[in-house]
1. Order of 76-82, 35-41 by packing, highest average Cβ count within 10 Å first?
2. With +1 assigned to the C-beta of every Lys and Arg and -1 to the C-beta of every Asp and Glu, and no other charges, what is the dipole magnitude of the chain about the Cα centre in debye, to the nearest 20?
3. Expressed in nm², what is the orientationally averaged projection area of the convex hull enclosing the Cα positions of the stretch 281-326?
4. Ratio to report: Rg/Rh of the stretch 72-113, with Cα atoms as the point set and Rh obtained by the Kirkwood method; give two decimals.
5. What number results when the radius of gyration of the chain, computed over Cα atoms, is divided by 2.2 N^0.38 Å?
6. Would you count, across the chain, every pair of lysines whose alpha carbons are under 17 angstrom apart, provided the pair is eight or more residues apart or spans two chains?
7. Can you give me the Cα centroid spacing of the stretch 41-87 and the stretch 310-325 in angstrom?
8. Looking at the chain as a GNM with Cα springs under 10 Å, which of Ser229, Ser156, Ser59 has the largest mean-square fluctuation?
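Please treat every number below as a calculation from the coordinates, not as lab data. These numbers come from a predicted model, not from an experiment. So basically every Cβ, Gly included, is an ideal-geometry build from the backbone, and we count neighbours across all protein chains shown.
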Amino acid sequence: MILSEAVGSVLRLKRLGMLMEPEPGNPMEVEGVLNPAAARGPDGELYLFPRLTARGNYSRIGIARVHFNEDGDPVGVERLGIALEPEADYEKRPDGGGGCEDPRVTFVEPLQRYLMSYTAFSSRGPRIALAISKDLFHWQRTGLARFGPYKKMEFSDVDDKDASIFPTAIPNPSGKLELAILHRPLFPGTRPEETACRPASRELDIDRESIWISYCPMSVGDAETGHISRFTSHHRLATPVSPWERLKIGGGAPPVLTRHGWLVVYHGVSDLSKRGTSEHKLCYSAGVMILSKEDPQIIRYRSTEPVLKPTLPEECHGTVANVVFPSGIDRRDDLGLPDRFDVYYGMADNRIGVARLDLPEVLPSGGCADSLGEKV
């Protein structure tokens, strides 16, 4: 249930424009520039870490510095090179393909390090991988994230992606402060291409179709030894509720602390197909959750409608049509505006756009926290 309800304006993201697209003649970007992480460096500059896709869906993670105009709006980027490219076994396939995909970057205060979660794509499928850095330019892999079982559920060796990390220690289900990660395991049968083939009134599997919070014990020394990849306890956070996320709910930008609690901009998938057709056209949109500051397992607010959905030509046509996919977020403390957030997102898996969210003093009323097994 929602903890509190208040009267306020509807939350919406205001588009600022397209920020980055494939560079002509660059073979590393020929199939798209998309789904970037965003982080402020030690120098105060904002850096993006876009997924750069070469022919054959071979993906690297780039580095780019964001340029701003006189009003403080992001207007362009300067490419600075590559942060990660497929080198580890868990990032490569026998046919020469592979990928380091869809990163999220968080400065983890207890570790005093930047932690990147990204999708490693090998012959085993997509898995969550982690890397660590002091300066955003030099990254050390810590390996694949490993997950202990939860009751009778096995998270190990299950496809998983779109993970993001909290910047501070978070109380686990037992109340102990630990490193926490949001993720959405892709159990068999729960991909949107699969759920789209099922009846509209289907019964949800609330465990296997949800965003989870998982927890890892953490100490300062773990940052260098790589002992920050074993997540041993778990909590189911959010299940598809509204029509715009009926087919799948998944992660987005990393959690950011606000006056209302932890802001999470996430994604949902719906079906654009007309009734009676066998072909399913998927639509990826963005929504907002606010989690309790004291106990992030509690959802204080959740948008019932998308805060951003594909409408522009660049969002409706591309490598994958009808996609806005949030992955990076920047709180505009540099402008003295802690309630302003710029959200960086993938446009049709081909370009990068940026949109702005200004949080109101009072959260809007309503919003459904969880389906608790009800039909959607």
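1. The densest-packed peptide leads the list: 35-41, 76-82.
2. For this selection, approximately 800 debye.
3. Its Cα hull, projected and averaged over all orientations, spans 4.0 nm².
4. With Rg and the Kirkwood Rh in hand, the quotient comes to 1.12.
5. Ratio of Rg to 2.2 N^0.38 Å for the chain: 0.92.
6. So the count works out to 8.
7. One Cα centre to the other: 20 Å.
8. Evaluated over the chain, the most mobile residue of the options is Ser156.
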